[in-house]
Amino acid sequence: MNGIAYGVGIGPGDPELLTLKAVRMIKECDVVAVAGKDPKESFAYRIASAAVPEIADKELVGVYMPMVKDREKLREEHEKGAKLLESYLEQGKNIAYITLGDPTIYCTFSYLQHILERDGFEVKLISGITSFCAAAARLNISLAEWDEELHIVPAVHKEEHTLDYDGNYVLMKSASHMSEVKEILRESGLTVNAVENCGCDNEKVYRGIDEIPDDAGYYSLIVAKRGRS
């Protein structure tokens with residue numbers, strides 16, 4: 001029988017935010033897969049190893065997932081990555097593919113999941129704490145109350161983008177265009193807070209647009225709300 005591939009969310013960065021189920025799946029699976037050529041160098045591996053020392057005894061697999069926009073190149077690499085995982089699944093080994101946050105939110109494992117399921121393999125997702133929920137908790141604010149809408153938006157930096165929907169916003173994956181994002185936020189009139197590297201030793205909290213540096217790191221997340229923070 002073929003093994004099962006599990007997409008395991010391990011939270012945003014604090015090892016204490018791994019769920020009990022994530023810990024159990026990492027312990028029980030035969031193989032641990034991580035995005036990157038060297039699993040032990042990945043951020044996800046460092047987080048998981050702090051919570052699950054047993055991961056060091058697992059068979060580790062690095063899956064190359066390039067950060068490029070060339071769709072054909074991405075398709076080729078995703079196919080290669082899926083085939084690599086399939087080579088272990090065909091041996092009857094279960095795989096825990098660990099991923100930051102939750103595997104249902106902007107997760108590279110989704111691309112592998114589609115291919116694995118296409119090829120007849122079983123995939124299961126293990127939910128993890130999302131970066132925006134962890135960031136809101138760190139900021140000590142709610143994301144939405146009563147009947148407020150919540151909009152989760154990636155890479156808000158295009159000129160045509162505005163933040164004029166009712167409700168509150170989570171802005172993700174915008175660090176490389178932070179100066180443009182800040183201008184959009186200024187025009188929106190929203191109350192802005194942000195967290196960089198949430199849950200990590202180098203975590204930084206920013207209260208207000210002007211505190212957010214233009215060179216904020218990749219793991220920066222903005223919460224923008226109408227009215228009070």
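The values are calculated or read from the model by the stated rules, or taken from the named source; none is laboratory data. Every value quoted in this text rests on a predicted model; they were computed, and no experiment measured them. When we count neighbours, we look across all protein chains shown, and the Cβ atoms used for this are built from the backbone with ideal geometry, even at glycine.
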- [ ] With the checklist (1) out of contact with any helix residue (DSSP H, G or I) (no Cβ under 7 Å at 6 or more places or on another chain); (2) not assigned by TED's automatic domain parsing to the domain that holds Ala82 in hand, flag the one item Arg118 doesn't pass.
- [x] (2)
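Residues checked against (1) in contact (Cβ under 8 Å) with a residue 24 or more places away in the chain; (2) under 22 Å from Met67 (Cα atoms); (3) within 17 Å of the chain's Cα centre (by Cα):
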position	(1), (2), (3)
Asn140	no, no, no
His177	no, yes, no
Ala194	yes, no, yes
Asn197	yes, yes, yes
Gly208	no, no, no
Gly217	yes, yes, yes
Ala224	yes, no, no
Open item on the list: Restricting to segment 163-198, give me the number of residues that are part of a loop (DSSP other than H, G, I, E, B) and more than 24 Å from Thr130 (Cα to Cα).
Closed with: 2
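Quick check on this structure: which one of Ala137, Ala144, Ala224, Ala194 is farther than 23 Å from Thr108 by Cα and touching a helix residue (DSSP H, G or I) at 6+ places or on another chain (Cβ under 7 Å)? Reasoning before the result, please.
Numbers: Ala137 fails: touching a helix residue (DSSP H, G or I) at 6+ places or on another chain (Cβ under 7 Å); Ala144 fails: touching a helix residue (DSSP H, G or I) at 6+ places or on another chain (Cβ under 7 Å); Ala194 fails: touching a helix residue (DSSP H, G or I) at 6+ places or on another chain (Cβ under 7 Å).
One residue alone meets the criteria, Ala224.
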Task: strands (runs of 3 or more DSSP E) wholly inside segment 1-108 containing at least 2 residues that are in contact (Cβ under 8 Å) with a residue 60 or more places away in the chain and surrounded by 13 or more Cβ atoms within 10 Å (Cβ to Cβ) - done: 4-9, 31-35, 95-99
Open item on the list: For segment 104-113, check the following and say yes or no: at least one residue is farther than 30 Å from Asp30 by Cβ, among the hydroxyl-bearing types (Ser, Thr, Tyr) and touching a Lys or Arg at 6+ places or on another chain (Cβ under 9 Å).
Closed with: no
TODO: With the checklist (1) out of contact with any Ser or Thr (no Cβ under 7 Å at 6 or more places or on another chain); (2) surrounded by 18 or more Cβ atoms within 10 Å (Cβ to Cβ) in hand, flag the one item Glu196 doesn't pass.
DONE: (1)
Task: Checklist (1) of a type in the set (Gly, Ala, Ser); (2) at pLDDT below 95; (3) under 17 Å from the mean Cα position of the chain (by Cα) applied to Gly189, failing item - done: (3)
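Please go through segment 199-214 and give me each residue that is in a loop (DSSP other than H, G, I, E, B) and within 24 Å of Ile10 (Cα to Cα), ordered by number.
Start the filter on segment 199-214 by keeping residues that are in a loop (DSSP other than H, G, I, E, B), which leaves 199-203, 208, 212-214.
Selection gives Gly199, Cys200, Asp201, Asn202, Glu203.
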Task: Count - residues of segment 112-164 that are crowded, with 17+ Cβ neighbours inside 10 Å and either among the aromatic types (Phe, Trp, Tyr) or over 30 Å from Arg226 (Cβ atoms) (or both) - done: 9
